[in-house]
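Structure, as structure tokens:
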Amino acid sequence: MLTDLIQKVHSLVTLECSAAVCVSGGWSVWGQWRRCSSECGGGIQTRARTCQSPAEESYLCEGVLEEGRPCNAQPCSGKGLHLSRSQSLRSVDSRKRDDVDKPRGGQQSPQTVDSASGEEWSAWSVCSATCGEGWQSRTRLCVYGSYSTQCSGKLREQRACNNSAVCPAALIAVHGAWDEWSPWSLCSSTCGRGYRSRTRTCAPPQFGGDACDGPEKQTKFCNIAVCPVDGVWNEWSNWSSCSASCSNGTTQRTRECNGPSYGGSECRGEWLETVDCFLGECPVDGKWQPWSLWSGCSKTCGGGSQQRNRICYGPFFEGQSCPGEREEVRHCNEKRCPEPHEICGEDNFSNVIWKMTPAGDTTAVRCPPNAMGLILRRCSLDEEGVAYWENPTYMKCISNDYRSIQTLTREHLSKAQRGLVGDGVSEVMTKLRVTSSDGTSYSGDLLAIVDVLKNMTEIFRRAYYSPSSTDMRNFVQSVSNLLMEENRDRWEEAQLLGPNIKELFRLVEDFVDVIGLRMKDFQDMYEVTDNLVLSVHKRPVVGQADISFPMKGWRGMVDWARSSEDRVIIPKNILSTGKPESDESSTFVTGIVLYRNLGSILTLQRNTTVLNSKVLSVTIKPTPASLSAPVVVEFSHLYNGTTNQTCISWDESDSSSLLGSWSARGCKAVLVDSFRTKCVCDRLSTFAILARLNPEMNMDKTQLPSVTLIVGCGVSSLTLLLLIIIYVSVWR
């Protein structure tokens, strides 16, 4: 159908070309421009064309016969040729007027100008009848202006004229005459097939004349361009299956847009529809809840049983039941029941009544009113298999004063962890120093003080809290108060609970780390108390100097530290960071602590072996990967005249050592004289000097100065292990 339409369009607009002339729509090509109407001052130049269609197809010629354009606009210096503007253009209607415009008698109206269009009208023609009613007309020419190429309005007008002469009875018949065709109308459609039309009017015949011959209206095709076609939705597809096999799901359907074409609009609306679907509840298998606690054993000895059970939640909607059993039973207390001689009888000790307890068990009672916690007492068997009560331990008892400080510190730590460090931290440190200087009542007090100092270290570590010099002095003094001689028995009891001395060493190392981070390069801190000397130094990797400890001339130096022959020198080239020498931004912190009586508090001597020096710990942060120079520490002997001084270091990789994880590979002992020993270590580790006494020597061991040497560098966890291993592997 579209092909037929195009062929029809071609038949209507075929261009006929012959020789050098091409005819389109009935018109010939334009002729040459004529001579300008004036040689100067502005004239008009015209050209013309002819309509080559026959009279019956004259509607194919639309427009003007002539057109003009301005010419010779230069000013005149003399008299030049000038033609009237009204002579510039001539309408196609002029082809049919012949000599109508020439006066042939009758009344003639004066020439007028249409103010709307600006063209000049000719004079009214002579009335078409010499008697009775007639018609007269006038025409106008389309003037080619400087800013317009088209003229608006009619080119011809008609009006009735009544001749005053009365026609005689017998007159010649006047036939009807067609007026000019009206302009073609606009196309009836903007696309596809449309029509244009024009009409003409017939002057009525007179005196028996014939009516006008021919059509009153003419039409022709127009606007044969294809119309845009909007997109149209196809039918919806079937709904898809539900997205879930049970419970809630969704189902969908889609449709496609057919088109658009030739510039039409897209389909409006959604191409996808989704709705909920429900295919019934999904089966839910049963699920076991956690087991209950085991019930109490049916017997305290000789073999009993206890059980626990669990509950199955579900199943639901035809799900599977819980697999397995609902109840479990196991044997308990299978040890034989103790004989009467293997049971500690009821005992009244320290104003506390201890109930009957089998050997191997520990019983507990409340602490005295001035403390919180429990007193523990164990029933043990002697070498003959007879039960006996051990001394009660108070490691779980904490005095009310220390419990109060411990509670305040934990509150401040909780605030610090939330970024809300409040007032009162310094007051807590002051209160701890004052309270600990008055001594302790229970071994649990020592552990409470260590716990408070650990929490204070975490508060100091926060970037938004900077400890004052008073805070640091109170911290060091509180550590010194822990090591007072009157706390010796309570320290021995606290060590029965676990490696609590290790916590003390870790605490001091963490304090050195935190304080070192806040210090500036080349800055030192030195604190001296009755029981320890602590120094902290911050040095850049490049350009550092040797560090000597202790400094004899330091202010406040106490007598025992001033007279001590124990010393350590940290060489300036001990570190090997692997960084360029120009990197002076890297720094390291060295912390050295000399403990006065920690060895005697540990009381590790067993049989004929004792440790023969004070305790000295060295911490370096960050811990170097390797040493470029050995660590040399020199100690004075607390017991002189012994031989076989040995420096041993902690080495978990040496499983062949008779001392367990202790090994002599890391450090070399050099006996300076009978009063001093030097340890030269090729790595940072934990080491100690041992002195083996002669068995035949009759000595009161309670009078022996028993101490340990420990140098821990960056590995806080090794310090306590050293003490425990020495305690377990060597002396026991």
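Could you tell me whether residue 460 is crowded, with 18+ Cβ neighbours inside 10 Å and in contact with a Pro (Cβ under 7 Å, 6 or more places away or on another chain)? Spelling it out, residue 460 is indeed crowded, with 18+ Cβ neighbours inside 10 Å and in contact with a Pro (Cβ under 7 Å, 6 or more places away or on another chain).
Filtering the range 575-599 to residues that are more than 40 Å from the chain's Cα centre (by Cα), modelled with pLDDT under 75 and either closer than 21 Å to residue 630 by Cβ or surrounded by fewer than 19 Cβ atoms within 10 Å (Cβ to Cβ) (or both) leaves only 575. Looking at 302, 296, which one is among the small types (Gly, Ala, Ser), more than 30 Å from residue 401 (Cβ to Cβ) and at pLDDT below 90? Testing whether each residue is among the small types (Gly, Ala, Ser), more than 30 Å from residue 401 (Cβ to Cβ) and at pLDDT below 90 leaves just 302. Pairing each residue of the range 477-504 that is within 15 Å of residue 594 (Cα to Cα) with any residue that is modelled with pLDDT of 85 or more and of a type in the set (Lys, Arg), provided the two are 6+ apart or on different chains, yields C-beta distances under 6 Å for 477/433. Select from the range 417-463 the residues that are of a type in the set (A, V, I, L, M, F, W, C), under 17 Å from residue 517 (Cα atoms) and in a loop (DSSP other than H, G, I, E, B) and list them in ascending order. Matches in the range 417-463: 463 only. Where strands (runs of 3 or more DSSP E) fall entirely within the range 228-316, those with at least 2 residues that are out of contact with any His (no Cβ under 8 Å at 6 or more places or on another chain) and more than 30 Å from residue 335 (Cβ to Cβ) are at 248-254, 272-278.
Scanning the range 268-293 for residues that are touching a Cys at 6+ places or on another chain (Cβ under 8 Å) and more than 30 Å from residue 317 (Cβ to Cβ) yields one hit, 271.
Picking from residues in the range 643-661 that are assigned to a strand (DSSP E or B) and under 18 Å from residue 618 (Cβ atoms), the one that is modelled with the highest pLDDT is 647. Might you check whether a residue that is of a type in the set (Phe, Trp, Tyr) and under 37 Å from the mean Cα position of the chain (by Cα) occurs anywhere in the range 461-477? There is at least one residue in the range 461-477 that is of a type in the set (Phe, Trp, Tyr) and under 37 Å from the mean Cα position of the chain (by Cα). Residue 407 passes every criterion in (1) loosely packed, with under 12 Cβ neighbours inside 10 Å; (2) within 16 Å of residue 343 (Cα to Cα) apart from (2). Scanning the range 170-189 for residues that are part of a loop (DSSP other than H, G, I, E, B), more than 30 Å from residue 230 (Cβ to Cβ) and at pLDDT 85 or above yields 175, 176, 179, 180, 181, 182, 183, 184.
A search for C-beta distances below 9 Å between a residue of the range 521-542 that is without any contact (Cβ under 8 Å) to a residue 60 or more places away in the chain and any residue that is in a strand (DSSP E or B) and surrounded by fewer than 16 Cβ atoms within 10 Å (Cβ to Cβ), counting only pairs 6+ apart in sequence or on different chains, returns 522/540; 535/524; 536/524; 537/524; 538/524.
For residue 216, the criteria (1) more than 30 Å from residue 177 (Cβ to Cβ); (2) of a type in the set (Asp, Glu); (3) modelled with pLDDT of 90 or more hold in every case but one, which is (1).
Listed here are the residues, each with its yes/no results for (1) in a helix (DSSP H, G or I); (2) among the basic types (Lys, Arg); (3) closer than 30 Å to residue 473 by Cβ.
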{"site": "338", "(1), (2), (3)": "no, no, no"}
{"site": "377", "(1), (2), (3)": "no, yes, no"}
{"site": "405", "(1), (2), (3)": "yes, no, yes"}
{"site": "409", "(1), (2), (3)": "yes, no, yes"}
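Screening residue 152 against (1) surrounded by 14 or more Cβ atoms within 10 Å (Cβ to Cβ); (2) out of contact with any helix residue (DSSP H, G or I) (no Cβ under 7 Å at 6 or more places or on another chain); (3) at pLDDT below 70 leaves a single unmet condition, (1).
What do you reckon, is residue 218 in contact with a helix residue (DSSP H, G or I) (Cβ under 7 Å, 6 or more places away or on another chain), assigned to a strand (DSSP E or B) and in contact (Cβ under 8 Å) with a residue 12 or more places away in the chain?
Judged against the criteria, residue 218 is a match.
Listed by first and then second residue, the pairs linking a residue in the range 617-640 that is modelled with pLDDT of 80 or more to a residue that is of a type in the set (Phe, Trp, Tyr) and assigned to a loop (DSSP other than H, G, I, E, B), with Cβ atoms under 7 Å apart and 6 or more places separating them unless they lie on different chains, are 636/675; 637/675. Tallying residues that are at pLDDT below 85 and buried (at least 16 other Cβ atoms within 10 Å of the Cβ) within the range 498-517 yields 8. It is to be established whether one or more residues within the range 190-210 are modelled with pLDDT of 75 or more, closer than 30 Å to residue 70 by Cβ and either in contact with a helix residue (DSSP H, G or I) (Cβ under 9 Å, 6 or more places away or on another chain) or not in a loop (DSSP other than H, G, I, E, B) (or both). The answer is no, given that none of the residues of the range 190-210 is modelled with pLDDT of 75 or more, closer than 30 Å to residue 70 by Cβ and either in contact with a helix residue (DSSP H, G or I) (Cβ under 9 Å, 6 or more places away or on another chain) or not in a loop (DSSP other than H, G, I, E, B) (or both).
Quick grid of which residues meet (1) modelled with pLDDT of 80 or more; (2) assigned to a helix (DSSP H, G or I); (3) surrounded by fewer than 19 Cβ atoms within 10 Å (Cβ to Cβ):
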{"residue": "465", "(1), (2), (3)": "no, no, yes"}
{"residue": "480", "(1), (2), (3)": "yes, yes, no"}
{"residue": "487", "(1), (2), (3)": "yes, yes, no"}
{"residue": "496", "(1), (2), (3)": "no, yes, yes"}
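Selection of first residues in the range 251-273 that are touching a residue at least 24 places away in the same chain (Cβ under 8 Å) and on the phi > 0 side of the Ramachandran plot and of second residues that are part of a loop (DSSP other than H, G, I, E, B) and β-branched (Val, Ile, Thr), restricted to Cβ pairs under 6 Å at least 6 apart or on distinct chains, gives the following pairs, ordered by first then second residue: 262/226. Here residue 441 meets each of (1) within 54 Å of the chain's Cα centre (by Cα); (2) of a type in the set (S, T, N, Q); (3) crowded, with 18+ Cβ neighbours inside 10 Å with one exception, condition (1). Of all residues in the range 348-375, those satisfying the criterion of being outside any strand (DSSP E or B) and in contact with an Asp or Glu (Cβ under 7 Å, 6 or more places away or on another chain) are 355, 356, 359.
Scan 165, 160 and give me the residue that is modelled with pLDDT under 85, in a strand (DSSP E or B) and aliphatic (A, V, I, L, M). Sole residue among the options that is modelled with pLDDT under 85, in a strand (DSSP E or B) and aliphatic (A, V, I, L, M): 160. Within the range 314-329, residues that are under 19 Å from residue 292 (Cα atoms) and surrounded by fewer than 14 Cβ atoms within 10 Å (Cβ to Cβ) have Cβ atoms under 6 Å from residues that are modelled with pLDDT of 90 or more and of a type in the set (Gly, Ala, Ser) in these pairs: 329/305, counting only partners at least 6 apart in sequence or on another chain.
The values are calculated or read from the model by the stated rules, or taken from the named source; none is laboratory data. All values derive from a computational prediction rather than experimental measurement. Here the Cβ is made from the backbone with ideal geometry for all residues, glycine too, and neighbour counts use every protein chain on show.
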